[in-house]
Amino acid sequence: MKKVIKNGTIVTATDIYDADVLIENGVISLIGENLSTQGAEVVDAKGCYIFPGGIDPHTHLEMPFGGTVTKDDFETGTIAAAFGGTTTVIDFCITEKGEPLKNAIETWHAKSKNKAVIDYGFHLMIGEVNEAVLNELPTVIEDEGITSFKVFMAYKNVFQADDETLFRTLIAAKDLGALVMVHAENGDVVDYLTKKALEQGNTDPIYHALTRPPEIEGEATGRAATFTGLANSQLYVVHVSCADAVRKIAEARDNGIDVWGETCPQYLVLDQTYLERPNFEGAKYVWSPPLREKWNQDVLWNALKTGQLQTIGSDQCSFDFKGQKDLGKDDFSKIPNGGPIIEDRISILFSEGVKKGRITLNQFVDITSTRSAKLFGLYPKKGTIAVGVDADIVIFDPTVDRTISAETHHMAVDYNAFEGMKVTGEPVTVLSRGEFVIRDKKFVGKIGVGQYLKRAKYGERKQTEEDNTLKI
Ligand code: URP
Ligand code: ZN
Ligand code: ZN
């Protein structure tokens, strides 16, 4: 059935205007004033913004990690994402050295198929580069539409790749049209500092932060950027946490190197002192890179405002406090790294960013949706409000106040890292390809209707199938 959204204010990365939106066959078919409602269901957006659905470029759903598996899978994770105003996630497909890439991709299809309630794509981890891997990459890009590769510079003896692997991945990506993503921390130095701390009997969560100082994130970021310049390739640095890394990204961009940076809500609003919380509570705040000294938050906000950083990912990687985080009760290095954020990513950015005057409304849309669509080959099908694009739409009430809590969230874990935080602004209704997923703050979607997204190559834009006239 046709739908017309009435009385709302449309916000894109560039415009803000009042208009009605007509939705037919899953796409936006018309935008204008006083659109006819004949034969259409009317959706009232009075007092609300109409945003393009959020794109979360960084999730780990049902991922084996740290001796356990992340708690939210493609069902609970995408439901929670939708409650938070996200209509597309791009998840990291983890590979095993010596195993064909296609096996890992099949595994990720099996995890996600018939489970996701919103659309999704995959990034592919590259842990080694050899003839077999190089032979598979063209198929990964052309057939699977996976056009971003992830290289971990940390997690020694688990995911960490060496410099040659990173450099060769950058060269291959340049040739094939993919974007290389890095987890930028010097894993060898972390490994040394971790062993030293444990030898000295320092086992508490705070030592997770103290053994991963900002300098080693800055060093790895700079190294990856240098390799990118040498390879004349393209790089996206995930979960930037500190000034040291921002500086390296800004410097590389000033030198004309094609480097992009993502930060995450936790680095914008939480700080290192959270890891000192008593009764092992600090484990709830163990991320890699770790939370930093508070002053770094201003640097990150400023970098989003000035465009030195361009996106926000949730780095959704959820573990229960009881039964998962406590694997590291006597040894901080055994605490599974990561947290549940997929649901609150957009609210936090709106409340702390737009409401507090740190970023504009247009920047908010760019950072939470449009820029990721462009970087990851989904634009304009996803990431904007325009005629011919997917009707992935968030009707957002900018006035409502709410307190974040595990008691009300929809993620499958037993705590919320932002427990008690007051935010202003909340998604009320969320549509994916024109169908309600969230309606008046209730889940009304269908399990398994989320579609796998084959993405365009880096720098190329995806035309909508429905409207070939849209040449953005
Ligand atoms: O602590 C984190 N960030 N966990 C998720 C895995 C990763 O490094 O992105
Ligand atoms: Zn990472
Ligand atoms: Zn991550």
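The values are calculated or read from the model by the stated rules, or taken from the named source; none is laboratory data. This is a predicted model, so every value here is computed, not measured. Quick reminder, even Gly has a Cβ in these numbers, built from the backbone with ideal geometry, and neighbours come from all protein chains shown.
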Original post:
Got a sec? Which of VAL238, VAL180 is in contact (Cβ under 8 Å) with a residue 12 or more places away in the chain, in contact with a helix residue (DSSP H, G or I) (Cβ under 8 Å, 6 or more places away or on another chain) and within 16 Å of ligand 3 (Cβ to nearest atom)?
Top reply: VAL180
**OP:** Would you please name the residue that is surrounded by the fewest Cβ atoms within 10 Å (Cβ to Cβ), looking only at residues in segment 187-237 that are farther than 25 Å from LYS334 by Cα and small (Gly, Ala, Ser)?
**Re:** GLY229
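Yes or no, residue by residue, for (1) within 30 Å of PRO278 (Cα to Cα); (2) over 20 Å from the mean Cα position of the chain (by Cα):
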site: ILE146; (1), (2): no, no
site: ALA209; (1), (2): yes, yes
site: LEU230; (1), (2): no, yes
site: TYR236; (1), (2): no, no
Original post:
Across segment 141-177, which residue is nearest to SER288 (Cα to Cα) among those that are within 16 Å of ligand 3 (Cβ to nearest atom) and polar (S, T, N, Q)?
Top reply: GLN160
**OP:** Would you please name the residue that is surrounded by the most Cβ atoms within 10 Å (Cβ to Cβ), looking only at residues in segment 292-318 that are within 14 Å of ligand 2 (Cβ to nearest atom) and either farther than 21 Å from HIS208 by Cβ or not polar (S, T, N, Q) (or both)?
**Re:** ASP315
Original post:
Tell me, which residue of segment 319-344 that is more than 16 Å from ligand 2 (Cβ to nearest atom) and within 14 Å of the chain's Cα centre (by Cα) is surrounded by the fewest Cβ atoms within 10 Å (Cβ to Cβ)?
Top reply: ASP344
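Yes/no per residue for (1) out of contact with any His (no Cβ under 7 Å at 6 or more places or on another chain); (2) more than 22 Å from ASP244 (Cβ to Cβ); (3) more than 16 Å from ligand 1 (Cβ to nearest atom); (4) modelled with pLDDT under 95:
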| site | (1), (2), (3), (4) |
| --- | --- |
| ALA161 | yes, no, no, no |
| THR165 | yes, yes, yes, no |
| LYS174 | yes, yes, yes, no |
| GLY187 | yes, no, no, no |
| LYS196 | yes, no, yes, no |
| ASN202 | yes, yes, yes, no |
| GLY218 | yes, no, yes, no |
| PHE227 | yes, no, yes, no |
Subject >> Test: residue in segment 400-407 that is buried (at least 18 other Cβ atoms within 10 Å of the Cβ) and either outside the structural domain of VAL269 (by TED's automatic domain parsing) or closer than 30 Å to VAL27 by Cβ (or both) >> reply: yes
Original post:
In this structure, does ILE126 turn out to be hydrophobic (A, V, I, L, M, F, W, C) and within 16 Å of ligand 3 (Cβ to nearest atom)?
Top reply: yes
Subject >> Residue match in segment 76-92 (condition: under 30 Å from VAL237 (Cα atoms), touching a Leu at 6+ places or on another chain (Cβ under 6 Å) and either part of a strand (DSSP E or B) or within 16 Å of ligand 2 (Cβ to nearest atom) (or both)) >> reply: yes
**OP:** Could you check how many residues of segment 416-442 are over 18 Å from LYS3 (Cα atoms), of a type in the set (Lys, Arg) and not in a strand (DSSP E or B)?
**Re:** 1
Original post:
Out of (1) outside any loop (DSSP other than H, G, I, E, B); (2) touching a residue at least 60 places away in the same chain (Cβ under 8 Å), what's the single condition that is false for GLU144?
Top reply: (1)
Original post:
Residues in segment 62-73: is at least one under 17 Å from ASP315 (Cα atoms), under 12 Å from the mean Cα position of the chain (by Cα), modelled with pLDDT of 95 or more and not basic (Lys, Arg)?
Top reply: no
Subject >> Residues (of a type outside the set (Asp, Glu) and either in a loop (DSSP other than H, G, I, E, B) or farther than 25 Å from ARG247 by Cα (or both)) located in segment 263-273 >> reply: CYS264, LEU270
